[in-house]
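Every number here is computed from the coordinates shown, using simple stated rules; none is lab data. Please read all numbers here as calculations on a predicted model, not as lab measurements. Virtual Cβ from ideal backbone geometry, glycine too; neighbours counted across all protein chains shown.
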Amino acid sequence: MVIAHHRDSNGYLRDAVALLCEITASEDREIARAGVAALFPALIERLNDSFDPAACKLYHQIFAQVIDFYRGLPEAREFDKALRNFGLMNEADLLTRKSRISNLKFPIPNPQSQISKVLLLSRVTIGADVAVTSVIIAKLRNLLPQAEFVLLGSRKLRELFGGDPRVRIHEIKYERGGGVLSRLTSWIDVIEAVNDEVKGLDTDEFWLIDPDSRLTQLGLLPLLKDERNYFFFESRSYQHENATRIGQLASCWLDEITGTTGEAFPYVALPAEHRNFGQSVCEKLRRTGSHIIAISLGVGGNPRKRISDQFEFELVNHLIADSTLILDKGASNEERQQINRIVAMLRAGGKTVVEINQQNSAAVISQEKIQADAITWDGSIGAFGGLIAASDEYIGYDSAGQHVAAALRVPALTIFVNSNTRTFAERWQSHGSGLIEALNLDAGRIPANADGILAQAISLHSRLRRS
């Protein structure tokens, strides 16, 4: 309703947003949970996934109101105090500051002068950090050869970037599934982390880069009083004639603010333990002479990115005829059950499946060879990254795996079921310097019988294998 009213009349339903805020703050947990679902997936994420400048502005208006509502709650005194410390007294102050950081003058003068540390905010999700944040690091590594890069985000980021001696992870916790206030107050932890990191540094010795991070609620919450060296990449509205994918846009944005040129690609730097694990497993699988395909059918909790169980069964059945498969069990119980159903189907058909997890991995790789038609992995994203790196091919839905595979230059096929806009699909296609194929599907037009989609997926897989 809020989005439709704004689209049709350019109006703003302030009372509706206020009511939604009250629902999210309800003392009844079930009511509050329903309100949070209506605020974030149904409204905020829908706006931001459109990658439309008008929707971006509407987000700012809505979330400034959300912030102003929550700061007035008795339990949010610390949050309100932190806002006041930055001179932000109301919605208008929030929006004025946001407009200022979104309209910086480019380029930065003397970008190579004295910079010894670059702080980067995590995008919160692993896939987005590989697709966007890693591009920024890759681009700046050459421009700032003496700088240390500090990534503020989840400890899981060590599993993908811990192999780079110039990158350090400063852990920040953010509850993606939490209530509104818990998400907002995590910002206070980020302020403390930034203050700790810049202690003893002059203003011209560090940069703070915000790649449209949820840690600052997409730039609405400040981290520095002096923002001369705070740079905000508004990925939802930034456009460039030579770029469509979000990683390409991040690279173009950096060109503008630093005055440099040249494309940068996503990258990961797996710690040795994860890379060695993947190499050990795949080496022992290859003693049977098979082509190895790493597969992730996880969808990050969004079932609209899937096709169907039947499609997945048939795809795996086709691939296993001449390849050994590595099936990732994902991060949620739903994803584990999804793969367990496939495992049961394979075993019923006489296939051998070896299940590997954190507890039994050492025993499995101590064997001379792994005799299996397929293995499953139930464990860390870093170890799965090692398995992808050592595989011959990667296949999966739109998820972190596609971006990790692209960053590792492993030939990859993404089955992209778009439940948002055409621009969303363009932005989140994996980007890299290796071989990448994508099967782009509209979530609203997937037939009950997916034989045609299966044929397309197999054709693209065959093209990758021949390349």
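What to note about this one:
- Estimated from the Cβ-Cβ distance and a Förster radius of 45 angstrom, the FRET efficiency linking S26 and S237 is about 0.85.
- Shown for D378, D189, D28: other C-beta atoms within 10 Å of each C-beta, ranked fewest to most, produce the order D28, D189, D378.
- Fewest-first sequence of W377, W207 by Cβ atoms within 10 Å of each Cβ: W207, W377
- Label-point separation, N276 to S116 (7 Å along Cα→Cβ), nm: 3.3
- Zone residues, the stretch 432-460, relative to R46, backbone N less than 20 Å from point 7 Å out along Cα-to-Cβ: 442-446
- Cα shape, the chain, gyration tensor, a/c 1.5 rule: prolate
- Residue order, fewest to most surrounding Cβ atoms within 10 angstrom, among R7, R286: R7, R286
- Computed [θ] at 222 nm, deg cm²/dmol, the chain (DSSP H ≥ 4; -39,500 (n - 2.57); rounded to nearest 500): -13500 deg cm²/dmol
- Centroid-to-centroid separation of the stretch 275-308 and the stretch 317-372 [C-alpha atoms, Å]: 9
- Listed pairs K81/K305; K173/K329; K57/K329 exceeding 30 Å between Cα atoms: K81/K305; K57/K329
- Among beta bridges that DSSP assigns inside the stretch 117-258, antiparallel share in %, nearest 5: 5
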